[in-house]
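Have a look at the structure below before the remarks.
What follows is calculated from the coordinates using simple rules that are stated; it is not laboratory data. Quick caveat, the model's predicted, so the values are computed rather than measured. With ideal geometry, Cβ positions are generated from the backbone for all residues, glycine too; neighbour counts draw on all protein chains shown.
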Amino acid sequence: MTAIRILVMVLSIAVGANVTACVMHRGRTTSIPTHSFSGMPDGKQWLTKNLDVSVAGSYCYDDAEPNCRRYGRLYTWNAAQQACRSLGDGWRLPTDDEWRQLAEHYGGVGRDSADTRRVSYQALVIGGSSGFDALLGGGRSHDDKQYSRSEAHGFYWTVSENSPATATFYNFARGRLSLFRQSDGEKQRAFSVRCVRA
């Protein structure tokens, strides 16, 4: 099993795309899906598609399975950490600093000028020059469990807490064509996830 896992990792790195390994075990062939990732200029490997691993505290936008295939799942802050760890091999939810460093390679974030926010948004959003392909998957509120803002905002969790109830997230805002850092994410809200590893 270890040799196959290494082969899958090598193939994933070589093609930079989804790879599915087929394993023969006790006379049956089993598919093991892996996730698309790419080495980015910050020296880390990032998923290049939104995470779509079903764990407690994760949801499909509008509770519709086709939206999970399109946007990935939306995760509460605790579920996001669990889902990244479930990938194994050192995958985890990125820190605020890791998101900031990635964004700075492409221009910057909300505290920077409007021009740099726009440059990083355009590079990191789907179809941009970076290959990161952030999606505008919207989010889910905790209080009324309503979904909103798909195709208008892509909200992405960091592991960095600001209080027992809040954590930092990054907001790809289509209306302003900008990438913003926001420190007031209620942990019970559900946002998109990209995992990272060194």
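Annotations for the structure displayed:
- Prolate/oblate/rounded call for the stretch 119-187, Cα gyration tensor, a/c under 1.5 rounded: oblate
- Stretch gain in nm, segment Asp144-Ser129, where the contour uses 0.36 nm per residue and the Cα spacing is subtracted: 1.7 nm
- Under-5 Å amide H pairs with Phe37, H placed in peptide plane, nonlocal only: Ala17, Thr48
- Our estimate of slack between Ala64 and Arg174, defined as 0.36 nm per intervening residue step minus the Cα-Cα distance, is 37.3 nm.
- About the Cα centre, charge dipole magnitude for the stretch 36-197 (Lys/Arg +1, Asp/Glu -1 at Cβ), debye: 160
- Dipole of the stretch 36-197, positive direction: furthest Cα of Gly131, Ser160, Gly90, with charges on the beta-carbon: Gly131
- Volume per residue of the C-alpha convex hull in the stretch 36-197, rounded to whole Å³: 99
- Residue-by-residue Karplus 3J(HN,Hα) for the stretch 179-196, coefficients 6.51, -1.76, 1.60, Hz, glycine and proline x: 10, 10, 9, 10, 9, 10, x, 5, 4, 7, 5, 10, 10, 6, 9, 10, 9, 9
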